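Visitor: For reference, the structure I am asking about is given below.
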Amino acid sequence: MEIAPGAHHFPGYFELERQRAIVGACRALVDGAVPAYVPTVRGGGKMHVRMLCLGRHWNGQTYRYEPTRSDFDQLPVPALPASFRALAAEIAGAAGMVLAADLCILNYYDMDGRMGLHQDKDESEPSLAAGLPVVSISLGDTARFLFGGLKRRDPVEMILLTSGDAFVFGGPARLRFHGVTKILPGTAPAELGLSGRFNLTFRQYEI
Ligand SMILES: O=C(O)CCC(=O)C(=O)O
């Protein structure tokens, strides 16, 4: 479903078994040797998610990507699993786009999780100029996702992202503002045994 030029929502893209496999991988990663953490951003505020970057680390102080978590614990960023990279390519292809993801931001939202309206614009200039898409996968509790325009004050559309949904924004939609206002507790499929929500966003820094 193309909701705007370059923006595609795929409700229920992943059936339950695939969701379960991805959730298992996410759980192992966020509680792994290099665990997810709550970033402190510029100005000192804490984000309302637990974040783990794969492939490249997004530094919440500099808003730049780097190989080690220099804003937190100095650990090297874990690799982006090949299976994750393949998921991103598959979904981008379903939207008629190409993505060789070299990084993923994996966020866990608890029932109070949220993310303010923002643009994803910290990838390289050539990547942004080419409109290489952001590919997003939602698992677990439903999120109220806001999708706006190219200016912060443009009108926003509210979209419910439920477990198994994929969302892609590239080309003319690549720099649209977006955010998450609310997690709807208890809405995850019981079979996942997950309270809260995982969201994976794949991006390609390098062209
Ligand atoms: O959780 C979501 O659906 C959006 C995540 C997001 O905006 C981001 O990681 O930049």
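The values are calculated or read from the model by the stated rules, or taken from the named source; none is laboratory data. These figures come from a predicted structure and were not determined experimentally. Heads up, the Cβs are rebuilt from the backbone with ideal geometry, glycines too, and the neighbour counts pull from every protein chain shown. All accessible areas refer to the heavy atoms of the entire protein, side chains included, with ligands and DNA or RNA removed. Shrake-Rupley method; radii C 1.70, N 1.55, O 1.52, S 1.80 Å.
Visitor: For the stretch 170-186, what are the residues that are more than 19 Å from Met1 (Cα to Cα), open to solvent by 60 Å² or more (accessible area, probe 1.4 Å) and more than 17 Å from the chain's Cα centre (by Cα)?
Guide: If the condition is that a residue be more than 19 Å from Met1 (Cα to Cα), open to solvent by 60 Å² or more (accessible area, probe 1.4 Å) and more than 17 Å from the chain's Cα centre (by Cα), then Pro185, Gly186 are the ones that fit.
Visitor: In addition: Does the stretch 85-98 contain at least one residue that is within 16 Å of the ligand (Cβ to nearest atom), surrounded by fewer than 19 Cβ atoms within 10 Å (Cβ to Cβ) and over 16 Å from the mean Cα position of the chain (by Cα)?
Guide: no
Visitor: For the subset of the stretch 105-117 comprising residues that are in a loop (DSSP other than H, G, I, E, B) and more than 9 Å from the ligand (Cβ to nearest atom), which member is most open to solvent (accessible area, probe 1.4 Å)?
Guide: Applying the filter and picking the extreme gives Met111.
Visitor: Only one of these is within 15 Å of the ligand (Cβ to nearest atom), over 20 Å from Leu184 (Cβ atoms) and either touching a Pro at 6+ places or on another chain (Cβ under 8 Å) or not aliphatic (A, V, I, L, M) (or both): Asp120, Asp102. Name it.
Guide: Just one listed residue meets the conditions, Asp120.
Visitor: What are the pairs, 6+ residues apart or on separate chains, where a residue within the stretch 132-148 that is within 11 Å of the ligand (Cβ to nearest atom) has its Cβ under 8 Å from a residue that is acidic (Asp, Glu)?
Guide: Val134/Asp120; Ile137/Asp165; Ser138/Asp165; Leu146/Glu157; Phe147/Glu157
Visitor: A further question on this structure: Of everything in the stretch 149-169 that's more than 14 Å from the ligand (Cβ to nearest atom) and closer than 19 Å to His9 by Cα, which residue is most open to solvent (accessible area, probe 1.4 Å)?
Guide: For the stretch 149-169, the residue satisfying everything is Pro155.
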